[in-house]
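To start, the structure under review is shown below, and the notes come after it.
Taken together, the values in this text are just the output of simple stated rules run on the coordinates, not laboratory data. This is a predicted model, so every value here is computed, not measured. FYI the Cβ positions are ideal-geometry reconstructions off the backbone, even for glycines, and counts take in every protein chain you see.
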Amino acid sequence: MQFLKILFWCLLAFLAALFTIANWTSIPVHLPGDLVADINLPFLLLVTFLLGLLPTLGWQAARRWRLRQRLTTCERQLAEARALHAAIEPVALPATIAEPAVTPLSPSAGATL
């Protein structure tokens, strides 16, 4: 698989070099203040590609850092919860629940029907 990756990148570099050789022309770029800069087309394309790529890479790095921080926090909370759960022993419930004692009324207590 590593060979295929190397082959792909070599093919891509060859195509980029071929494109650069075939399009080595100067492009006039109009700057503020009536200035005109002659820039080679491959260099201009590389600069515009990097202008689009670098903010995206920065956003992705920030997102990955934020997610890694959240994962670390969750793992720490999980470890604390497991340690707390292991420290607490389960409370043993009584085997039978005692029913309240009911005393019958005696006839001499003055109960009339």
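Residues in segment 52-58 carry Karplus couplings, in order, of x, 7, 5, x, 5, 5, x Hz; the curve used is 6.51 cos²θ - 1.76 cosθ + 1.60 with θ = phi - 60°, and Gly or Pro positions show x. Couplings 3J(HN,Hα) of segment 65-71, computed from phi: 5, 5, 5, 5, 5, 5, 5 Hz, in residue order, whole Hz [Karplus 6.51 cos²θ - 1.76 cosθ + 1.60, θ = phi - 60°; x for Gly and Pro]. Once backbone amide H atoms are built at 1.01 Å from N, Ile39 has Ile27, Val29 as its partners under 5 Å, excluding neighbours fewer than 5 places away on the same chain. The smallest convex shape that holds all Cα atoms of segment 12-88, its convex hull, gives 95 Å³ per residue. Arranged from fewest to most other beta-carbon atoms within 10 Å of their beta carbon, Ile88, Ile27 become Ile88, Ile27.
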